[in-house]
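These notes are about the structure you will find just below.
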Amino acid sequence: MSKRIMVVEDEEAIARLISYNLMKEGFEVLTSGDGLEALEKIRTEKPDLIILDIMLPGMDGYDICRLIRKEDISVPVIMLSARNEELDKVLGLELGGDDYITKPFSPRELIARVRALLRRVQRVQETPDHEIISMDRLVIDLSSHEVKVDEQVVQLTPKEFELLEYLIRHKGRVVSRDLLLDQVWDYDFAGDTRIVDVHISRLREKIDPDPKNPYIQTVRGVGYRFKGGD
């Protein structure tokens, strides 16, 4: 069954370009040029991935992303914007975006990112064993993708869960940002390691009950290490 991609873009020429290239690759495509309409379609149509422009009539992409994450809709989101400012990228990722691409862009690059995100989500969903990892106040069920802190369920996006799983499976080892980009995002971000830092920050907010003794430690100038609380 082909994956369903929702393209939320109010510039018709860009929406047509994206849709054409997605359909050429065998994807089913839904479109919307209005933020409020897009939000309702996301809720009812349940796409497998969303390509979400930031500047939209009705409701902007930031608010759409924030609302669907608040509603625990964990569909992967690629933020799309003409703005290449660092602050815009960070905000999009902090609100729950999995990736961020700026206009103008290569259709080939966009398709590669779509495929990479879908591939990573599928790998997480196909975890065959009922493996539960428990340490201190944190419990991760790798088959149901459920995470609990102090017995309370914590909602993670697919990318956050995959990042957490990778860090836990390499517990005690220092992993570089470049390695995380390669292993968790599955393609070259052209050195844009800021996306790793933003996702780590979001993970810490959700799973670290004691910031003074965090599970995810920063190794300055190198990367990160997962260490269970003492």
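The set of residues in the range 51-68 being buried (at least 19 other Cβ atoms within 10 Å of the Cβ), touching a residue at least 40 places away in the same chain (Cβ under 8 Å) and not hydrophobic (A, V, I, L, M, F, W, C) consists of ASP53, GLY61.
For LEU93, are the conditions met, namely being of a type in the set (A, V, I, L, M, F, W, C) and farther than 22 Å from ILE200 by Cβ?
Spelling it out, it is not the case that LEU93 is of a type in the set (A, V, I, L, M, F, W, C) and farther than 22 Å from ILE200 by Cβ.
Being within 14 Å of the chain's Cα centre (by Cα) and modelled with pLDDT of 85 or more is a property that holds for GLU160. Can you say whether SER144 is among the small types (Gly, Ala, Ser), part of a strand (DSSP E or B) and either at pLDDT below 90 or in contact with a helix residue (DSSP H, G or I) (Cβ under 9 Å, 6 or more places away or on another chain) (or both), as far as the supplied structure shows? Judged against the criteria, SER144 is not a match.
Within the range 203-230, the residues that satisfy the criterion of being crowded, with 19+ Cβ neighbours inside 10 Å and either touching a Gly at 6+ places or on another chain (Cβ under 9 Å) or modelled with pLDDT under 85 (or both) are TYR215, PHE226. Only one entry of GLU40, GLU25, GLU94, GLU71 meets the criterion of being in contact (Cβ under 8 Å) with a residue 12 or more places away in the chain and over 23 Å from GLU162 (Cα atoms), and that entry is GLU25. Where strands (runs of 3 or more DSSP E) fall wholly inside the range 22-140, the ranges with 1 or more residues that are outside the structural domain of GLU165 (by TED's automatic domain parsing), under 20 Å from the mean Cα position of the chain (by Cα) and closer than 27 Å to PRO214 by Cβ are 77-81, 99-102.
Of the residues making up the range 95-113, those that are touching a helix residue (DSSP H, G or I) at 6+ places or on another chain (Cβ under 7 Å) and either modelled with pLDDT under 80 or of a type in the set (Val, Ile, Thr) (or both) number 2. Of the listed requirements (1) at pLDDT 85 or above; (2) closer than 20 Å to HIS145 by Cβ; (3) polar (S, T, N, Q), GLN122 misses just one: (1).
The values are calculated or read from the model by the stated rules, or taken from the named source; none is laboratory data. No experiment lies behind these values; they were computed from the predicted model shown. Positions of Cβ are backbone-derived with ideal geometry, glycine not excepted, and every protein chain shown enters the neighbour counts.
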